[in-house]
Amino acid sequence: MTALRIGIAGFGTVGGAVARLLLRDADRLAARAGGPLHIARVAVRDLAKPRSVALPAGCVGADALALALDPTLDIVVEVMGGLEPARSVALAALQRGAHFVTANKQLLAAHGAELAAAAGRGGGAVHCEAAVAGAIPIVRAVSHALAGDRVVGVAGIVNGTTNYILTQMGRHGVDFGTALAGARELGYAEADPTNDIGGHDAAAKLAVLAGIAFQCELQTQDVYTEGIADITQADVVAARELGFCIKLLAVARRQGTGLQARVHPALVPLSHPLAGVHDAYNAVLVEAEAAGALMFYGRGAGAEPTASAVLANLVDAAQDIRRGIGGRIEQPLQRVPLIDIGDVESRFCLSVGVADQPGVLGAIATVLGQHGVSVASMFQKGRSAEPIDLVFLTHTVRERQMRAALHAIVALPMVRRIAHVLRVADIGGGP
Ligand code: NAP
Ligand code: HSE
């Protein structure tokens, strides 16, 4: 059986691990793929950088676009990251009919429809399991395993870096900066880690996953996004005292004829399965009409977990090529009305720093009531030094009302600060 020729654009954390495993497990992968997979060409940015995997001389170059245009390559793997030259590489490969494997959610969330159309015209295909939740086969789950069902919601932890940071802060008392440095050291973080911290990486993954799950066209900017930069050690400790942990959640859910798509930190009850997802692990809950709730859990970042997903796609692509499958394009994806965050209903945990004087509690409760925010429980933290924190847990309320109430609370003369406002996770799969 002739070998399929593979080009790998990018040879960093993920690309290096893909090559290492391709070489180490060549026989096993050949058996799964229906024939050998040969690394014919690699592109990097800096030819002088030392590499941990030895490749044949002449195989490594610095021109990713030339690699993609090489007509002798059957499959192009893009693990560079970013939008350009990744988009040009993808289009060049797909337009000449090659199969394209990518771990790049940013690219897919910005140009997914364009790439799918190019694959349809060229006769190849886009394979993107590694782009969402690392080693977890969630793309395959929503695109294939649940293809006969109607997905109503996906929710979970899809960014390893932020989950690692929050775990380090919550379980080990590590400060934010040290935890971020650890995530970078371990190869979890994006080249620009503000993509992780700011929630943009999770938003891109949600756009990709929800696009597949709900058969709609969704881009990163369609996802309401808040990151974890404002989460402090004090927030993490306070959450635990209330029986919660803080997680960066990505949620997409049908609401009427529209779709909620949001990424933000949220309080997760310590009894919920997502509270047990630590470090760079990810977990995604999928709710489908017939299947009910399903939960997928595994390593969401890191070299080998991500390489595992890339290799699975390489095997898929090789099998497709050998069977002559490709160019399949489903019906054009529709835009779906997006639900404004103001119209999303949540419970909230509100912590207000106030002057310790009579009437303050009543004043805040009155403002909440005036805006239709019903308080489920309330307690006061300490009386040793001002401001003292009053903590309110609300019943479910439309976010627009909560924001209006906050605006009015901040204006009260005895209010010194809003220590934090966090949504309480409203996700299935709990006990
Ligand atoms: P990385 O370690 O920064 O590696 C990027 C690689 O791409 C490097 O080898 C770099 O070359 C090369 N590169 C960058 N720009 C290039 C250009 N213009 N031409 C040729 N080569 C270029 O990144 P990574 O962590 O492997 O991530 C790669 C992709 O996988 C990203 O899309 C990321 O979001 C995704 N991903 C990463 C993980 C993870 O845990 N790291 C998990 C899932 C998905 P040099 O080595 O010469 O600098
Ligand atoms: N930076 C990403 C994360 C890599 O931390 O989840 C995996 O996509």
Margin query: From the P(r) of the chain, could you give the percentage of C-alpha pairs in the tail past 36 Å?
Written below: 32
Next item on the list: Just rank His264, His144, fewest to most, by other beta-carbon atoms within 10 angstrom.
Entry: His144, His264
Margin query: Quick check for you: which residues of the range 160-182 have the amide N under 16 Å from the point 7 Å beyond the Cα of Arg240 toward its beta carbon?
Written below: 164-176, 179
Check: Val152 to Ala54: extension gain in nm, 0.36 nm per residue of separation minus the Cα-Cα distance?
Finding: 30.6 nm
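At most 16 other Cβ atoms within 10 Å and a DSSP loop assignment: could you name the GluC sites (Glu not before Pro) in the range 279-375 that fit? Provide the component values of the computation, followed by the final result.
Details: sites: Glu287, Glu289, Glu330, Glu345; in loops: Glu289, Glu330.
Sparse-neighbourhood loop GluC sites (Glu not before Pro): Glu289, Glu330.
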Next item on the list: Report the charge-dipole magnitude of the chain in Debye, nearest 20, computed about the Cα centre from +1 at each Lys and Arg Cβ and -1 at each Asp and Glu Cβ.
Entry: 440
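Expressed as a rounded percentage, what relative contact order does the range 1-110 have, with Cα pairs under 8 Å and six or more residues apart? Intermediate values should be presented prior to the final figure.
Working: 184 pairs, mean separation 33.0, N = 110.
That works out to 30 percent.
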Item checked: Virtual spin-label span in nm between Glu386 and His172, 7 Å along Cα→Cβ -> 4.1
Next item on the list: Please state the charge dipole magnitude for the range 138-297, taken about the Cα centre, from unit charges on C-beta atoms (+1 on K and R, -1 on D and E), reported in debye and rounded to the nearest 20.
Entry: 400
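For the chain, what are the DSSP H helices with axial Cα length of 24 Å or more and mean Kyte-Doolittle hydropathy of at least 1.6? Spell out each step's value before the answer.
Numbers: long enough: 303-323 (30 Å, 0.08).
Long hydrophobic helices here: none detected.
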Margin query: Can you tally the lysine pairs in the chain where the Cα-Cα distance is under 23 Å and the two residues are eight or more apart, or on different chains?
Written below: 4
Margin query: Please state the shape class of the range 58-137: rounded when a/c is under 1.5, otherwise prolate if a/b exceeds b/c and oblate if not, all from the C-alpha gyration tensor.
Written below: oblate
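List the relative contact order of the chain as a percent without decimals, with contacts defined as Cα pairs under 8 Å and 6+ residues apart.
Working: 941 pairs, mean separation 70.5, N = 431.
Relative contact order for the chain comes out at 16 percent.
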Item checked: Calculated FRET efficiency for the pair His144/Thr366, C-beta based, R₀ 56 Å, to 0.05 -> 0.55
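What's the exposure ranking of Lys105, Lys49, Lys381, going from fewest to most Cβ atoms within 10 Å?
Working: Lys105 29, Lys49 9, Lys381 14.
With the fewest neighbours first, Lys105, Lys49, Lys381 line up as Lys49, Lys381, Lys105.
Two decimals, Cα atoms only, Kirkwood Rh: what is Rg/Rh over the range 270-310?
Numbers: Rg = 12.4 Å, Rh = 11.6 Å.
Dividing the radius of gyration by the Kirkwood radius yields 1.07.
Of the DSSP beta bridges with both residues in the chain, give the percent that are antiparallel, rounding to the nearest 5. Could you put the intermediate results ahead of the total?
On the way: 52 of 76 bridges.
Of the beta bridges lying entirely in the chain, close to 70 percent run antiparallel.
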Check: Which distance in nm do the two modelled labels at Arg184 and His395 give, with both placed 7 Å along the Cα-to-Cβ direction?
Finding: 4.8
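Okay, helix-only estimate at 222 nm for the chain: each DSSP H run of n ≥ 4 adds -39500 (n - 2.57), divide by all residues, round to 500 deg cm²/dmol; what do you get?
Working: 13 runs with 148 residues, N = 431.
-10500 deg cm²/dmol, from helical runs alone.
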Note to self: For a quick size check, give me the Cα extents of the range 162-270 along its three principal axes, largest first, whole Å.
What the structure shows: 43, 34, 18
Check: Hey, rough spin-label estimate for Ala293 and Glu84, points 7 angstrom out along Cα→Cβ, what's it come to in nanometres?
Finding: 4.6
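Among Val415, Val310, Val268, Val18, which comes first, then next, by fewest other beta-carbon atoms within 10 Å? All intermediate terms of the calculation are to be shown ahead of the outcome.
Values: Val415 20, Val310 27, Val268 23, Val18 31.
The order, fewest Cβ neighbours first, is Val415, Val268, Val310, Val18.
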Next item on the list: Let me know the shape class of the range 52-209, please: from the alpha-carbon gyration tensor, a ≥ b ≥ c as square roots of the eigenvalues, rounded when a/c is under 1.5, otherwise prolate if a/b is greater than b/c, or oblate.
Entry: oblate
Notebook entry, point to check: How high is the relative contact order of the range 341-424, in percent, counting Cα pairs under 8 Å that sit 6 or more residues apart?
Noted result: 49
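Shape call for the range 341-424 from the C-alpha gyration tensor, a ≥ b ≥ c root eigenvalues: rounded (a/c under 1.5), prolate (a/b greater than b/c) or oblate?
Values: a/c = 1.99, a/b = 1.70, b/c = 1.17.
Here the range 341-424 falls in the prolate category.
The numbers here are math on the coordinates, done by the rules we state, and not lab data. No experiment lies behind these values; they were computed from the predicted model shown. Reconstructed Cβ throughout: ideal geometry from the backbone, glycine too, with neighbour counts over all protein chains shown.
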